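Worksheet for the structure shown next.
Read the figures in this text as sums done on the coordinates, not as results from a lab. As the structure is a prediction and not an experimental result, all values here were calculated from the model. Cβ placement follows ideal geometry from the backbone for every residue including glycine, while neighbour counts extend to all protein chains displayed.
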Amino acid sequence: MLGYSAAKEIFGSAYDAYDGEIYIDNRRYVVTGVLSEMGTVASGISPDTSIFIPYETGIKYITGSSISPTVTVIAEDVNQVNTIMADVETTLADSYPNSTFTISDAGTKMEAASASNETLTLLLISMAVIVFIVGGIGIMNVLFVSVKERTNEIGILKALGCSRKDILLEFLLEASFTSLVGAVLGVLVALGITPLVETFSIRVSLSVTGAVLSLLFGVITGSIFGFYPAFKASRLIPVVALNQE
C-alpha cells in the first residue's frame, strides 16, 4: 500500500500506481492499493508519504525481530479519543497478555508542547524586560554624565538663543543613537555566533524582521530612558549653567 503523495511521486498519479511494482532492498513489491490523502496525523507522521508492507515481510527482510512496533490509530471523532484509547488498550491486553504497552495521544503531546512553548515565551519576555531595564538605566547614567560634563555648553547654547526644545531633541537623539549603535552591535554579534551555535545541532532561524525589531527596540529603549536626562538639560538656567564648574 502506498500513501497518496508517495504514489504520485513514484508513479505520477494514484491511478497509475495500481498493480505497479517498486523495489525495496532489491526485492520486488506489487502495489495493491493507494490510501486517500490524509495529511499529518501525529508527531509529524504522514501516511501520505509512507509505504506500507506486510508486518511479517518487514520483520523478515527489513527491520529484523529486535524492534518495538508502533501502531498509529486515527479516530474519526476527536471527542471519542479517550474511549478509543481504552478500547485499544483492552484489545491489546487481551491479545498479548504478557506484553507491555505505552499508549499516548497526539493531543496530550500537543498540550505538552504548547505548555513548553508558553514557558519559553514567558522566559524570553522576562529576559527582554531585564535587558530593557538594565540597558535603559545604563543609557540614562551615560546621558546624565554627558549632561553634567556639558553643562557649560548647554548654557552657551541657551545664551545664543537655542530653545528648550532644541536642547531636549539634541540629548534625546544622542540617547537614541547610542542605543541604536548597541542594537546594531547586538545584531552583528547574533549573526556572528549563529554558525557556532549551529555546530551544536541547534536550529537557529534568523529573519530580517527580527533584526529590524531589535533595532527598533534599541531606539525605543534609548528614547524612553534618555528623556528624563534630556528634559533636565533643557530646563537648565543659562546663567547657572555658564557658572557651573
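Please give the charge dipole size of the range 1-72, origin at the Cα centre, charges +1 on K and R Cβ atoms and -1 on D and E Cβ atoms. Round to the nearest 20 debye. Intermediate values should be presented prior to the final figure.
Numbers: 4 positive and 8 negative charges, 43 e Å.
Once rounded to the nearest 20, the dipole reads 200 debye.
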In the set [x] 23.5; [y] 13.5; [z] 12.1, which value of mean projected area of the Cα convex hull in nm² was calculated from the structure you see? [x]
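Find, among the trypsin sites (Lys or Arg not before Pro) in the range 138-245, those assigned to loop by DSSP (not H, G, I, E, B) with at most 14 other beta-carbon atoms within 10 angstrom.
ARG203, ARG235
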Cα gyration tensor, the range 1-72 - rounded (a/c under 1.5), prolate or oblate: oblate
Which length gain, in nm to one decimal place, applies between ALA75 and LYS60 when the Cα-Cα distance is subtracted from 0.36 nm times their residue separation? 2.4 nm
So which aspartates and glutamates pass the test for LYS60, namely a Cα distance under 18 Å, with those fewer than 8 places away in the same chain ruled out? ASP25
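Which loop chymotrypsin sites (Phe, Trp or Tyr not before Pro) in the range 151-245, with loop taken from DSSP, have no more than 10 other Cβ atoms within 10 angstrom of their Cβ?
Working: sites: PHE171, PHE177, PHE200, PHE217, PHE225, PHE227, PHE231; in loops: PHE200.
Answer by residue number: PHE200.
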Which value does Rg/Rh take for the range 96-179 over its C-alpha atoms, Rh per Kirkwood? 1.55
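List the GluC sites (Glu not before Pro) in the range 58-155 that DSSP assigns to loop (not H, G, I, E or B) and whose Cβ has at most 12 other Cβ atoms within 10 Å. Which are they? Write down the numbers at each step before the final one.
On the way: sites: GLU76, GLU89, GLU111, GLU118, GLU149, GLU153; in loops: GLU76.
In loop regions of the range 58-155 (DSSP not H, G, I, E or B), the sparsely surrounded GluC sites (Glu not before Pro) are GLU76.
What FRET efficiency, computed as 1/(1 + (r/R0)^6) with R0 = 51 Å and r the Cβ-Cβ distance, is obtained for LEU206 and ILE156, rounded to the nearest 0.05?
Values: r = 47 Å, r/R0 = 0.91.
Computed FRET efficiency for LEU206 and ILE156: 0.65.
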Amide H within-cut-off set for ILE24, under 5 Å, with H built and near neighbours excluded: TYR29
When ILE202, ILE133 are arranged by how many other beta-carbons sit within 10 Å of their Cβ, fewest first, they go ILE202, ILE133
Can you tell me, using C-alpha contacts under 8 Å and at least 6 residues apart, the relative contact order of the range 107-242 as a whole percent? 45 percent
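Could you put VAL30, VAL181, VAL81 in order, starting from the residue whose Cβ has the fewest other Cβ atoms within 10 Å? Before the final figure, lay out each step's value.
Numbers: VAL30 9, VAL181 12, VAL81 15.
Fewest-to-most Cβ neighbours within 10 Å comes out as VAL30, VAL181, VAL81.
Counting other C-beta atoms within 10 Å, which of LEU213, LEU143 has the fewest, and how do the rest follow?
Details: LEU213 12, LEU143 24.
If I rank by nearby Cβ atoms, fewest first, I get LEU213, LEU143.
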Leaving out same-chain residues fewer than 8 places away, which lysines sit with a Cα under 28 Å from that of LYS148? LYS158, LYS165, LYS232
Per-selection Rg to Rh, the range 107-242 - Cα, Kirkwood hydrodynamic radius: 1.18
Divide by every residue of the chain the summed helix terms, -39500 (n - 2.57) for each DSSP H run of at least 4, and state the resulting mean residue ellipticity at 222 nm, rounded to the nearest 500 deg cm²/dmol. -20500 deg cm²/dmol
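From Cα pairs below 8 angstrom and at least 6 apart in sequence, can you work out the relative contact order of the range 1-72, rounded to a whole percent? Walk me through the intermediate numbers first.
On the way: 90 pairs, mean separation 23.8, N = 72.
Taking the mean separation of contacting Cα pairs over the length of the range 1-72, I get 33 percent.
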